[in-house]
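The values are calculated or read from the model by the stated rules, or taken from the named source; none is laboratory data. None of these values were measured; they are calculated from a predicted model. In this analysis, Cβ positions are derived from the backbone assuming ideal geometry, glycine residues included, and neighbour counts consider all displayed protein chains. Areas reflect the complete protein model, heavy atoms only, side chains present, ligands, DNA and RNA absent. Shrake-Rupley method; radii C 1.70, N 1.55, O 1.52, S 1.80 Å.
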Amino acid sequence: MKTFKLVSAFSVLAFSTLMMTSVTAASIPEDRIDTLRQAPINVEPNPPAMQAVLNKDIKEMRNYPMQPPVIPHKIDGYQLDLKVNKCMSCHARHRTGDSQAPMVSVTHYMDRDNNFLAELSPRRYFCTQCHVPQLDAKLLVENDFVDMDHLIKANTEQNKH
Amino acid sequence: MLDKLKKIWQVLNRPSVHYSLGFLTLGGFVAGVIFWGGFNTALEATNKEAFCIGCHEMENNVYQELQSTIHFTNRSGVRATCPDCHVPHNWTDKIARKMQASKEVWGKVFGTINTREKFENKRRELAEHEWARLKANDSLECRNCHNFTYMDFTRQSPRAAQMHSTSLASGEKTCIDCHKGIAHHLPDMAGVEGF
């Protein structure tokens, strides 16, 4: 019993020192708090000019096969609520003839047990949960994503040596 | 009192006995001008946006919705007001539309659309009237501002150019077939062609 108490006292002590150091390590230096605003916290900076959404109608490459493709056109004013799904007025199977838009893939007609439904699956109703239009903007945070083709290539290259 | 009325009746009954023909013609003309002017002024007054949104049904529903669309603010500063899209420019059509609109005023007076819920319930019906009207006149009101002849497809997005140079150019479709809900929220669209 006594040893147990001692052990728990030690672990509490160890844990709290760990917490303390990690807090200091993770805390952001003061001069870096405002990096996104680019101005001290008590100053109202001029907002950057608003960017127009890309509307080139040229499909973007997907970064991996399961990625929801990004939207290559603007979606301003497209009503998407319980009454209307403007997206489906072009992307539904029976609309693609008129709209010449790609049909939502068959996964959009499947429920979670992989049964095919006649109608759009409710879990795919709100398109903008997964699909978003793009800006031609500078990255706020550096992106070090590596395409898996590069990974596989690098891997086979390494195995050769 | 009775005497006076009798006298007025005599004048009204046979005016040419009491007044010269010239005076009557002139008077009739002046009265006509005043009446016509007044009528058209009333027409003008009811043709301003302020009148349309004078009742809170319009102010609270459709006007609020219009404000976030491109027809309210845009880079060129050209605004479409309610009558631009809803009142025909030529006179006979204008009168016909006003008669129809009176029915909507009736709707206000008798409270068929006086809450958001009631308005939403009625919206499909009201919208269908507008679609039918714009379909029948080949989207005349849109074309008063957007002239197909002067559309530069090279300046439009490929998606727009593709549609405008095919179905629109051939006359198979008109603006309202493809551009429903550009100014207001849409009602439940189940069963509407194109949705």
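Observations, loosely collected:
- Of all residues in the stretch A:53-108, those being of a type in the set (Ser, Thr, Tyr) and more than 15 Å from B:Cys178 (Cα to Cα) number 3.
- Near pairs, Cβ below 7 angstrom, 6+ apart or cross-chain, from the stretch B:116-145 (touching a residue at least 40 places away in the same chain (Cβ under 8 Å)) to any residue that is outside any helix (DSSP H, G or I) and open to solvent by 40 Å² or more (accessible area, probe 1.4 Å): B:Arg124/B:Asp188; B:Asn144/B:His89
- Residue in the stretch B:158-195 that is farthest from the other protein chains (Cβ to nearest Cβ), counting only those that are of a type in the set (Gly, Ala, Ser) and surrounded by 13 or more Cβ atoms within 10 Å (Cβ to Cβ): B:Ala169
- Identity of the residue in the stretch A:85-107, more than 14 Å from every other protein chain (Cβ to nearest Cβ) and over 24 Å from A:Asn55 (Cβ atoms), that ends up most open to solvent (accessible area, probe 1.4 Å): A:Val106
- Filter result for A:Gln51 (closer than 14 Å to A:Pro133 by Cβ and assigned to a loop (DSSP other than H, G, I, E, B)): yes
- Residues of the stretch A:75-84 satisfying the condition of being in contact (Cβ under 8 Å) with a residue 12 or more places away in the chain and at the interface with chain B (Cβ under 8 Å from one of its Cβ atoms): A:Asp76
- Yes/no for A:Met110 being more than 13 Å from every other protein chain (Cβ to nearest Cβ), surrounded by 13 or more Cβ atoms within 10 Å (Cβ to Cβ), among the aliphatic types (A, V, I, L, M) and free of Cβ contacts under 8 Å to residues at least 12 places away in the same chain: yes
- Qualifying positions in the stretch A:57-74 - open to solvent by less than 40 Å² (accessible area, probe 1.4 Å) and more than 12 Å from chain B (Cβ to nearest Cβ): A:Gln67, A:Val70
- Screening the candidates A:Leu139, A:Leu135 for the property of being among the aliphatic types (A, V, I, L, M) and either open to solvent by less than 100 Å² (accessible area, probe 1.4 Å) or in contact (Cβ under 8 Å) with a residue 12 or more places away in the chain (or both) yields one hit, A:Leu135.
- Of the residues in the stretch A:90-108, none is of a type in the set (D, E, K, R) and in a loop (DSSP other than H, G, I, E, B).
- The set of residues from the stretch B:104-121 being at pLDDT 90 or above and either open to solvent by less than 80 Å² (accessible area, probe 1.4 Å) or at positive phi (or both) comprises B:Phe119, B:Glu120.
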